[in-house]
Amino acid sequence: MVSLEIETDSPDSTRHAGWLLAKHLAPGDCIPLSGEMGSGKTCLVQGIAAGLGVPSRYPVTSPSFTIVNRYPGKHMIYHVDLYRLNSKHDIEDLELPEILSEDGIVLIEWPELTIDSLPETSLYVHLSWDMISEFRRRIRFTDTASRFSVFFQELSHAFPRY
Ligand SMILES: Nc1ncnc2c1ncn2[C@@H]1O[C@H](COP(=O)(O)OP(=O)(O)O)[C@@H](O)[C@H]1O
Ligand SMILES: [Mg+2]
């Protein structure tokens, strides 16, 4: 298990990290994105969607009221936001198993309640605020199955260690 933490200093640089990640994703990947409100989860998803060629007529926003947004690109993206989920009980009402069985890429904001029911997860992402500046965020990527070493190399070149 290898982790890499970067710092971004603007929404665009967070999007760029997502854009770099996109080409390393394969159908069936499920990526939990944790981090408090405003830490940049949706912003990272915007970069991933751009990297997978999602047309601009599909706006990538937090799907809080629909639970799942779908964006077509090189692979289908299922953008899930479980912020409003109150209990494990509610999870049963979700179409999550169906979504996970599709051959797409599943990106889950607020994944905490479902973390036990997710399939094998090979990349975890955690975002947090860095209090030094309003525009600075820390993003930690954890590669559990050694699949993302090339991505990690690209990321460390694009975001030199602070
Ligand atoms: N470095 C940064 N990375 C991402 N977002 C940033 C950054 N700096 C400022 N922001 C702002 O923080 C907010 C992040 O919102 P969003 O991506 O919706 O967060 P979340 O989905 O985690 O709640 C946006 O308003 C964005 O403009
Ligand atoms: Mg969000």
Checklist entry - With respect to Glu134, is the statement that it is surrounded by fewer than 15 Cβ atoms within 10 Å (Cβ to Cβ), within 11 Å of ligand 1 (Cβ to nearest atom) and at negative phi true? => result yes
Checklist outcome for this item: Going through (1) of a type in the set (Val, Ile, Thr); (2) in contact (Cβ under 8 Å) with a residue 40 or more places away in the chain; (3) under 14 Å from Gly18 (Cα atoms) one by one, Val54 fails only at (2)
Checklist entry - Just one of the numbered conditions (1) among the small types (Gly, Ala, Ser); (2) within 15 Å of the chain's Cα centre (by Cα); (3) modelled with pLDDT of 85 or more; (4) open to solvent by 10 Å² or more (accessible area, probe 1.4 Å) is not true of Ala158; which one? => result (2)
Item to check | Failed criterion for Gln153 (all others in (1) assigned to a loop (DSSP other than H, G, I, E, B); (2) under 21 Å from Leu4 (Cβ atoms); (3) of a type outside the set (Lys, Arg); (4) open to solvent by 40 Å² or more (accessible area, probe 1.4 Å) hold) | outcome: (1)
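For the range 114-129, state whether one or more residues are at pLDDT 90 or above, surrounded by 14 or more Cβ atoms within 10 Å (Cβ to Cβ) and more than 16 Å from ligand 1 (Cβ to nearest atom).
So the first thing to find is which residues in the range 114-129 are at pLDDT 90 or above, and the list is 123-129.
Of the ones still in play, those that are also surrounded by 14 or more Cβ atoms within 10 Å (Cβ to Cβ) are 123-129.
The next check asks that each one be more than 16 Å from ligand 1 (Cβ to nearest atom); those that pass are 123.
Yes, the range 114-129 contains at least one residue that is at pLDDT 90 or above, surrounded by 14 or more Cβ atoms within 10 Å (Cβ to Cβ) and more than 16 Å from ligand 1 (Cβ to nearest atom).
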Checklist entry - What are the residue pairs meeting all of these: first residue in the range 35-46, first residue under 8 Å from Trp129 (Cβ atoms), second residue surrounded by fewer than 20 Cβ atoms within 10 Å (Cβ to Cβ) and at pLDDT below 95, Cβ atoms under 9 Å, and 6 or more apart or on different chains? => result Glu36/Trp129; Gly38/Trp129; Ser39/Trp129
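The values are calculated or read from the model by the stated rules, or taken from the named source; none is laboratory data. Owing to the predicted nature of the structure, the values given are computational and were not obtained by experimental measurement. Please note: Cβ atoms are built from the backbone with ideal geometry, for glycine as well, and neighbour counts cover all protein chains shown. Only protein heavy atoms, including side chains, enter the accessible area calculation; ligands, DNA and RNA are left aside. Shrake-Rupley method; radii C 1.70, N 1.55, O 1.52, S 1.80 Å.
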